[in-house]
Amino acid sequence: MTMRLDYLSIFPAYFDVLDISLLGKAAVNGLVEVHAHDLRDWTHDRHRTVDDTPCGGGAGMVMKPDPWGEAFDEIIGTEPDSSVHVIFPSPSGAPFTQSAAQELSSAVRIVFCCGRYEGIDHRVIDYARSMWTVHEVSLGDYVLNGGEVAALAITEAVVRLVPGFMGNPESLAEESFSAGQDGLLEYPLFTRPVSWRGLDVPEVLMSGHHGRIAKWRRDESVRLTCERRPDLTDSDFGVPH
Ligand SMILES: CN1CCCC[C@@H]1Cn1ccc2ccc(-c3n[nH]c(N)c3C#N)cc21
């Protein structure tokens, strides 16, 4: 089943990058289908206006609802369909998580609505909620200038989980935040040369003793998680005292 991805933005060129790397290969293999759209194509004035001053006053400009509605009609349609997932990146959205990426990886259709200025007229989101499955999500607790970078990050997190996308699906199981890692951060990685600029690969990893290697890796994951992400340690991971 091909996953169709649509991107609505006043900077559609942001999504040209999706033609390269693994994502480009996935498109070639028919796993995903990518369509980027210029929101200004649904304006009707000479200046192709997409914004206006905020009702109630305040700084900056707000994105007008009209172009979004007309773009929705043409790109998605005018009939409700809960199988269509519409994503609004927003600093006030719910944190985007690996489990959200996992859920979205089985979607047949995802439409990214990339706002700019101060944001999008809220009625656009309300209308979308009445028609499709809407996700207002945030990439993290910092401010970007628009939703495009978030849409790209979410795309990569989702598409890499689509069955058939990754050459070796087993590699997904050992990653940070994946279910198989018990919510722990990934352990440190090493490869050859064994000694580099006076720095050596931990001896245990060269021992060939799989049990000891597994214990070292688990201990390192617990140590790193306790140090860097105490918020993920909802229980005592048997932290070595
Ligand atoms: C700067 N400007 C005035 C303050 C409010 C935001 C606005 C810019 N802006 C407009 C649309 C839009 C969408 C997402 C984000 C965003 N920022 N940080 C995240 N984690 C984001 C996500 N995901 C920012 C956006």
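Structure summary
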quantity	calculated
Approximate spin-label separation TYR117-LEU189, in nm, with each point projected 7 Å along Cα-to-Cβ	4.3
Average projected area [Cα convex hull, segment 1-144], square nanometres	9.6
The chain, accessible surface, carbon-and-sulfur percent (1.4 angstrom probe)	54
Beta bridges per DSSP with both ends in segment 1-146, % antiparallel, nearest 5	10
Overall form of segment 86-199 per C-alpha gyration tensor (a/c, 1.5; a/b vs b/c)	prolate
Check: segment 122-171 dipole with +1 on Lys, Arg Cβ and -1 on Asp, Glu Cβ, in debye	160
Loop-resident sites, segment 4-58, for chymotrypsin sites (Phe, Trp or Tyr not before Pro), counting at most 16 other Cβ within 10 Å (DSSP)	none
Segment 37-86: trypsin sites (Lys or Arg not before Pro) falling in loop per DSSP and having at most 11 other Cβ within 10 Å	ARG46
q = 0.11, 0.17 Å⁻¹, the chain: log10 I(q)/I(0) [Debye, one scatterer per Cα]	-0.71, -1.25
Point-charge dipole on Cβ atoms (K/R +1, D/E -1) for the chain, about Cα centre, debye to 20	760
Average accessible area per residue (Å²) across the chain - probe 1.4 Å, nucleic acids and ligands excluded	58
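The values are calculated or read from the model by the stated rules, or taken from the named source; none is laboratory data. The structure displayed is predicted, hence computed values, not measured ones. Neighbour counts are summed over all protein chains in view; Cβ atoms, including those assigned to glycine, are modelled from backbone coordinates with ideal geometry. Remember, those area values only see protein heavy atoms, side chains included, never the ligands or the DNA or RNA. Shrake-Rupley method; radii C 1.70, N 1.55, O 1.52, S 1.80 Å.
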